[in-house]
1. Under a GNM of the chain (C-alpha, springs under 10 Å), which listed residue has the highest mean-square fluctuation: 216, 226, 23?
2. Relative contact order, percent, of the chain when contacts are C-alpha pairs under 8 Å separated by at least 6 residues?
3. In the full protein assembly as shown, how much of residue 1 is accessible to a 1.4 Å probe, in Å² to the nearest 10?
4. Within the chain, what whole-number % of the accessible surface is contributed by carbon and sulfur, with the 1.4 Å probe and all protein chains included in the calculation?
5. Springs between alpha-carbon pairs under 10 angstrom, Gaussian network model over the chain: which of 54, 78, 110 fluctuates most?
6. What number comes out for the charge environment of residue 87, summing +1 per Lys or Arg and -1 per Asp or Glu over other residues with Cβ under 11 Å away?
7. Testing the spin-label approximation: label points 7 Å from Cα along Cα→Cβ at residue 2 and residue 154. State their distance in nm.
8. In a GNM of the chain with a 10 Å cut-off on Cα contacts, which of 22, 147, 90 has the highest mean-square fluctuation?
Amino acid sequence: MIEEAAKLIAHSRFLIAFTGAGISAESGIPTFRDRGGLWENYRVEEVATPEAFKRNPRLVWEFYKMRMKRMKEAKPNKAHLALAELEKMGLLKAVITQNIDNLHREAGNKNVVELHGNIYRVKCTSCAYRENLLDSGRLEEFLEEEGLPKCPECGSLLRPDVVWFGEPLPQEALQKAFKLAERADVCLVIGTSGQVFPAAYVPYIVKENGGYVIEINIKESGITPIADIFLKGPAGEVMETLLAKVKRCLKDKGC
């Protein structure tokens, strides 16, 4: 099956990738729903909803600063790097991700659509102020601040620029993702449960428009029933092998 997947990718006209928490698990970032995942130690309603932030912004910020520190130490793994290589080769047109860890950008991907926001971005709860703490070089300073973060323009509370439970996805990112899915003839689905909508519609749109869906996961997911090819295994290991076979296929004109 991996040979067939390599052929589809090598001959693709418009390849996209759709990724979830599973792709970053090998970088040491815990997934949400699996054993040992993030929600075993935290209740969603206490740290990841608009109501939680209104009720106890200090607790929410303690949780997100903890996550920032953990993600800051994480490095892109072989799966992230393989996707970046596919983009450099001109095959991969975009990565659509449910992750907020920034690892696709760190790996080198340029066209990344973040459906659920970015852990290193903050936004004002009152005005239009937004800041990427990596770009501004203020991440370390921000993490050391003890008080609640305030907007430098209006003085209101800052919040993480991520999508919380009960909030809609940013329409601009969602529409861009859907348009990319409509154009795609091949979609690599990596490490997602396929249970979080509307993000999970991406591979369905590809399928509905006549494209192929290749899934890489350690276990079957909500996407598996529509996948043309299911490659079981850790994302890094499978993607490293798949990339090598794609390169070999491109060299072999008869592939």
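The values are calculated or read from the model by the stated rules, or taken from the named source; none is laboratory data. Not measured: the values here are computed from a predicted model. All Cβ positions, even for glycine, are placed from backbone atoms using ideal geometry, and neighbour counts span all protein chains on display. Protein only, heavy atoms only, side chains kept; ligands, DNA and RNA dropped before computing areas. Shrake-Rupley method; radii C 1.70, N 1.55, O 1.52, S 1.80 Å.
1. 226
2. Over the chain, the number comes to 26 percent.
3. The accessible area of residue 1 comes to roughly 130 Å².
4. Percent of accessible area from carbon and sulfur atoms in the chain: 49.
5. 54
6. Every neighbour counted, the sum reads +2.
7. 5.3
8. Result for the chain, Cα springs under 10 Å: 147 fluctuates most.
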